[in-house]
Amino acid sequence: MTITLVQKIKHNGQLCAKSARVLSDLETLGLRSRIDQIITADERNPDSEGYVLAAQYEVDAAPFFIVDQPGAPPRLYTAYQRFLTEVLEQHTSEDAEISEIMSQNPDLDFI
């Protein structure tokens, strides 16, 4: 299995906040070594490899993960908590999952 993380660099040259948080969390959890490559979608260069991958997989937000396994089509993860659970087999809290879903879908609201 090969895991690729696509992170985003803002126009000012800094990592986007979510990409920075995901990288920091992977380091804290001791999981950074499980990521085989990190590719950058650089706002200063719309032709950067990360933007090419985002277009190929029709993704409009970063970070995201591409998981390749021999003999199977690539799996795409745009939700970090789901990636942690399904790929890295880490238990996450329901609150963390709900928070991520809500931040990715501002039009949703609980009743």
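Output the residue which, of all residues in region 48-62 that are touching a helix residue (DSSP H, G or I) at 6+ places or on another chain (Cβ under 8 Å) and closer than 14 Å to Thr4 by Cβ, is surrounded by the fewest Cβ atoms within 10 Å (Cβ to Cβ). Walk me through it before giving the result.
First pass over region 48-62, keeping only residues touching a helix residue (DSSP H, G or I) at 6+ places or on another chain (Cβ under 8 Å): 59-62.
After this cut, where a residue has to be closer than 14 Å to Thr4 by Cβ as well, the list is 59, 62.
Values: Val59: 19, Ala62: 23.
Filtering region 48-62 for residues that are touching a helix residue (DSSP H, G or I) at 6+ places or on another chain (Cβ under 8 Å) and closer than 14 Å to Thr4 by Cβ, the one surrounded by the fewest Cβ atoms within 10 Å (Cβ to Cβ) comes out as Val59.
Please state which of the following conditions Asn45 fails to meet, knowing it meets all the rest: (1) buried (at least 18 other Cβ atoms within 10 Å of the Cβ); (2) modelled with pLDDT of 95 or more.
Against the list (1) buried (at least 18 other Cβ atoms within 10 Å of the Cβ); (2) modelled with pLDDT of 95 or more, Asn45 comes up short only on (1).
From the residues in region 80-111 that are open to solvent by 20 Å² or more (accessible area, probe 1.4 Å), of a type outside the set (D, E, K, R) and at pLDDT 85 or above, which one is farthest from Lys10 (Cα to Cα)?
The extreme case among them is Thr85.
For region 25-40, what are the residues that are assigned to a helix (DSSP H, G or I) and hydrophobic (A, V, I, L, M, F, W, C)?
Pass one, region 25-40, residues assigned to a helix (DSSP H, G or I): 25-28, 32-34.
Leu26, the sole residue that qualifies.
Look through region 54-71, keep the residues that are assigned to a loop (DSSP other than H, G, I, E, B) and under 10 Å from the mean Cα position of the chain (by Cα), and return whichever of them is farthest from Ser19 (Cα to Cα). I'd like the intermediate steps shown before the answer.
As a first pass, look at region 54-71 and keep what is assigned to a loop (DSSP other than H, G, I, E, B): 57-63, 69-71.
If we keep only those that are under 10 Å from the mean Cα position of the chain (by Cα) as well, we get 61-63.
On the way: Ala61: 10, Ala62: 7, Pro63: 5 Å.
Out of the qualifying residues, it is Ala61.
Those residues that are closer than 20 Å to Ala54 by Cα and open to solvent by less than 20 Å² (accessible area, probe 1.4 Å), I need them from region 10-40; list them, please.
Cys16, Ser19, Val22, Ile35, Ile39
The values are calculated or read from the model by the stated rules, or taken from the named source; none is laboratory data. The model shown is predicted, which means the values in this text are computed figures rather than measured ones. Don't worry about glycine lacking a Cβ; one is built from the backbone with ideal geometry, like all the others, and counts go over all protein chains shown. In case anyone asks, the SASA skips ligands and DNA or RNA and just uses the protein heavy atoms, side chains included. Shrake-Rupley method; radii C 1.70, N 1.55, O 1.52, S 1.80 Å.
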